[in-house]
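Where a number appears in this text, it was derived from the coordinates with a stated rule and is not lab data. What you see is a predicted model, and the numbers here were worked out from it, not measured in a lab. Cβ atoms come from the backbone with ideal geometry, glycine included; neighbour counts cover every protein chain shown.
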Amino acid sequence: MSNRLLPSSRRRRLSLGVAAAFASAAVAPGAGAQSEIVSRLIVGYPAGGLADRLGRIVAEALSEASSSSFIVENRPGAGGLIATEQVARADGDGKVLLLHNVDALTMERALKNDPGFDPLRSLTVVAPIARFEYLVVANAKLGLRNLQDLIALGRRSPTSIFYVDVGPGVRTVFESLKKKYGLNLVGVPYRGLAPAMTDLLEGRVGLAMLDGATAATHASSGKVTILGRADAISARDSSRVPTLIEQGADGLWVDTRFALMAPSSTPSKTVEQLRALVTGTLNKPAVRARLEQSDYHPIDAAPEPFARSVAETVDHYQRLFRQAGML
């Protein structure tokens with residue numbers, strides 16, 4: 001019988017049935033694929049960067065350790081707030097998670113006395129993941145070796161020393177040094193590190209903050225010198241770069257800690273299941289080795305104390321912002 005001779009309602013049912021059959025065949029060729037759970041790991045930074053690479057290591061490890069497939073979705077923009085809001089408003093079913101720099105979230109909260117959207121209240125920490133080491137560097141032509149050299153040059157220089165400004169964390173460090181020691185420093189805003197690197201290496205700007213791997217690469221080529229670390233973790237041995245605090249800048253530190261987070265609406269049982277999966281996976285020697293080889297430093301902290309420490313750093317960043325004249 002010709003399809004055009006069928007009643008319209010029956011033709012619609014037939015068309016929908018055929019479409020559904022084809023869709024099922026395309027999405028789930030076998031029973032195993034039908035039961036597979038896909039979880040999305042939202043990263044608020046562009047593909048190819050440090051955060052994205054960390055996300056892909058974590059997603060691959062979690063996929064191998066569970067029956068779910070974890071996929072990375074990049075949602076860059078507004079310093080990660082676009083991704084943060086997307087996850088905060090998602091269903092709390094454990095299938096949409098955020099991998100983000102929690103220090104960026106605390107800085108955002110510290111800068112706003114009355115945020116319309118509070119990321120710290122809208123998200124639940126599932127587990128800490130890793131931190132990046134951020135270093136203060138100078139173009140090698142400036143002839144600086146450490147913080148004291150920068151202080152001496154910044155005080156006597158008749159012209160401004162320009163630094164790369166890619167966000168509040170970097171700005172806090174350099175503006176705090178400027179205020180504390182009376183240095184002639186001026187920030188140059190950049191929308192990303194790629195164009196800033198060109199200007200740094202060619203000497204159009206003199207100072208920047210770089211991750212450990214990038215800093216080491218350009219230091220070994222003689223293009224930049226490493227002046228100090230921006231975090232507060234004490235140097236454990238003579239081969240580790242000293243912090244700014246260890247060089248006399250009391251209380252001046254910013255961190256870059258990444259954690260896996262879920263919407264605050266996620267049931268506690270689901271959070272605990274995810275937490276067990278993540279911590280168990282990250283504690284595997286092979287996964288830790290892969291993180292460390294990629295210049296990520298795994299965070300050895302229980303989720304609850306870590307979450308409390310994140311909330312407490314809001315006060316620290318507010319003090320720094322005030323000292324730097326940013327509040």
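What to note about this one:
- Considering only 179, 223, 269, the mean-square fluctuation computed in a Gaussian network model of the chain, springs between alpha carbons under 10 angstrom, is largest for 269.
- The angle separating the long axis of helix 303-323 from the principal Cα axis of greatest extent in the chain is about 40 degrees.
- Residue-by-residue Karplus 3J(HN,Hα) for the stretch 140-145, coefficients 6.51, -1.76, 1.60, Hz, glycine and proline x: 4, 5, 6, x, 9, 10
- Where both bridge residues fall in the chain, DSSP classifies roughly 55% of the beta bridges as antiparallel.
- Amide H contacts under 5 Å for residue 228, placed H, 5+ residues apart: 136
- The sum of -39500 (n - 2.57) across all DSSP H runs of n ≥ 4, divided by the residue count of the chain, sets its helix-only mean residue ellipticity at 222 nm to -14000 deg cm²/dmol.
- Volume of the convex hull of the stretch 171-327 (Cα atoms only), normalised per residue: 161 Å³.
- Projected-area mean, the chain, by convex hull of Cα positions, square nanometres: 22.5 nm²
- Packing, as the average of other Cβ atoms within 10 Å across residues, places the peptides 188-194, 83-89, 37-43 in the order 83-89, 37-43, 188-194, highest first.
- Karplus-based coupling profile of the stretch 241-253, in residue order and whole Hz: 5, x, 7, 5, 4, 5, 9, x, 8, 4, x, 8, 8, with θ = phi - 60° in 6.51 cos²θ - 1.76 cosθ + 1.60 and x standing for Gly or Pro.
- Helix 168-181 and the long axis of the chain differ in direction by around 10°, with both axes built from C-alpha atoms.
- With each label modelled as a point 7 angstrom along the Cα→C-beta vector, the residue 67-residue 234 pair spans 4.8 nm.
- Multiplying each eigenvalue of the alpha-carbon gyration tensor of the stretch 87-214 by 5 and taking the square root yields semi-axes of 35, 16, 13 Å, largest first, rounded to whole angstroms.
- Entries in 112/269; 112/179; 178/223; 112/178 that, when Cα-Cα distance is taken, lie over 26 Å: 112/269
- Near-label residues of the stretch 131-174 by backbone N, under 19 Å of a point 7 Å along Cα→Cβ of residue 279: 131
- Put a dot 7 Å past the Cα of residue 198, heading toward its Cβ, do the same for residue 286, and the two dots end up 4.2 nm apart.
- Here the chain is treated with +1 on each Lys and Arg Cβ and -1 on each Asp and Glu Cβ, and its dipole about the Cα centre works out to around 860 debye.
- Computed from Cα atoms, the angle from the helix 8-27 axis to the main principal axis of the chain rounds to 50 degrees.
- Cα shape, the stretch 76-160, gyration tensor, a/c 1.5 rule: prolate
- Neighbourhood net charge (10 Å Cβ-Cβ; Lys/Arg +1, Asp/Glu -1) for residue 230: -2
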